[in-house]
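To start, the structure under review is shown below, and the notes come after it.
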Amino acid sequence: MRVIRDLPVLAAGEGDVPFVIQGYKEVVSADTTWNTHSHSWHELLWNEYGASTAVVGSQVWCITPTLGLWMPAGQLHAASAVAGTVYRAHFLRHGAQSTLPDVPVAVEITDLLRLLLERLEEPDLSPRSREVTEAMVLDVMRPSPRALLVHLPMSALLQPIVDAVRADPSDQRTLAGWASVLGCSARTITRAFLRETGMSFARWVASVRAQHAVRLLSLGFDVDEVAHAVGYRSASAFGAAFRRTTGLTPGTFRTR
């Protein structure tokens, strides 16, 4: 069973809020999809357990316990999470000063940032301590270059590839194989991928595989199992490809 949640579309800063930073935590009890919506405040999304997905236009972001997502106020987005995911959302008042941009970016959830966010949840935190802690949160949040991001091609030509690889990341069809299936040249597909995603067919497939692998790793699957599930013959080959794509090791996303 999948639960669909409808949320409103709100403009940045629409209505005042009585907080600078306010946290929210939920254990997702069923597979859940949030419709396309936007908030009047900024949002920092991350998970205590599991991996979830946020979709912004043609961008698909993966959110994990170590890599969060900054969602600016007023930004349209949809989201999904599987049952058992424990997600965190920290809402920041529109106008709060931070080093983060007005577009979605990955944010590394460091031990320091996590401790500061947890401190804000203490019920007996004094107003002065809250003010200092909020200022520290705003100061330490930084964009991360290690985004778990997939750009989805939107053309009819590439849609069969998108559907097939996202449904089964272990799909082994090559560029030449897809050219034969689609009745066009490999060069045509290559040009389309570069035009629509800014990357080659091979790099795009690797990014889809990395996102799928992160979801499995965050749920506790063994690295060997994950490697096979996303189309690699060995854990070492998977690890090397994963590092090239994300700049991180698979162990970064293993459940602790």
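Filter segment 209-228 down to the residues that are out of contact with any helix residue (DSSP H, G or I) (no Cβ under 6 Å at 6 or more places or on another chain) and open to solvent by less than 60 Å² (accessible area, probe 1.4 Å), then identify the one that is nearest to Ile161 (Cα to Cα). So the residue we want is Arg209.
The single residue among Gly247, Gly177, Gly183 that is surrounded by fewer than 17 Cβ atoms within 10 Å (Cβ to Cβ) and either within 28 Å of Ser80 (Cβ to Cβ) or modelled with pLDDT under 95 (or both) turns out to be Gly247. Residue count for segment 58-90 under the criterion of being under 17 Å from Arg166 (Cα atoms), open to solvent by 30 Å² or more (accessible area, probe 1.4 Å) and not hydroxyl-bearing (Ser, Thr, Tyr): the result is 2.
Within segment 229-239, restricting attention to residues that are touching a residue at least 24 places away in the same chain (Cβ under 8 Å) and outside any helix (DSSP H, G or I), the residue that is least open to solvent (accessible area, probe 1.4 Å) is Val230. Can you tell me which residue is nearest to Asp16 (Cα to Cα) among those in segment 32-49 that are of a type outside the set (A, V, I, L, M, F, W, C) and not in a strand (DSSP E or B)? Applying the filter and picking the extreme gives Ser40. Taking every residue in segment 10-35 that is closer than 15 Å to Glu134 by Cα and in contact (Cβ under 8 Å) with a residue 12 or more places away in the chain and pairing it with any residue that is assigned to a loop (DSSP other than H, G, I, E, B) and not aliphatic (A, V, I, L, M), at least 6 positions away or on another chain, the pairs with Cβ-Cβ distances below 8 Å are Phe19/Arg93; Val20/Arg93; Ile21/Arg93; Gly23/Glu121. Only one of the numbered conditions (1) open to solvent by 60 Å² or more (accessible area, probe 1.4 Å); (2) at pLDDT 95 or above; (3) hydroxyl-bearing (Ser, Thr, Tyr) is not met by Thr190, and that is (1).
The number of residues in segment 1-31 being under 27 Å from Ala213 (Cβ atoms), in a loop (DSSP other than H, G, I, E, B) and either touching a helix residue (DSSP H, G or I) at 6+ places or on another chain (Cβ under 6 Å) or open to solvent by 30 Å² or more (accessible area, probe 1.4 Å) (or both) comes to 2.
Residues of segment 174-217 that are part of a loop (DSSP other than H, G, I, E, B) and either free of Cβ contacts under 8 Å to residues at least 12 places away in the same chain or within 25 Å of Gly247 (Cβ to Cβ) (or both): Thr174, Gly183, Ser185, Gly198, Met199, Ser200.
One residue stands out among those in segment 42-57 that are modelled with pLDDT of 95 or more and either open to solvent by 20 Å² or more (accessible area, probe 1.4 Å) or among the charged types (D, E, K, R) (or both): the one that is farthest from Ala210 (Cα to Cα), which is His42.
The values are calculated or read from the model by the stated rules, or taken from the named source; none is laboratory data. Small disclaimer: the values here were computed from a predicted structure and weren't measured. When we count neighbours, we look across all protein chains shown, and the Cβ atoms used for this are built from the backbone with ideal geometry, even at glycine. For the accessible areas, the whole protein counts, side chains as well, though only heavy atoms, and no ligand, DNA or RNA atoms are used. Shrake-Rupley method; radii C 1.70, N 1.55, O 1.52, S 1.80 Å.
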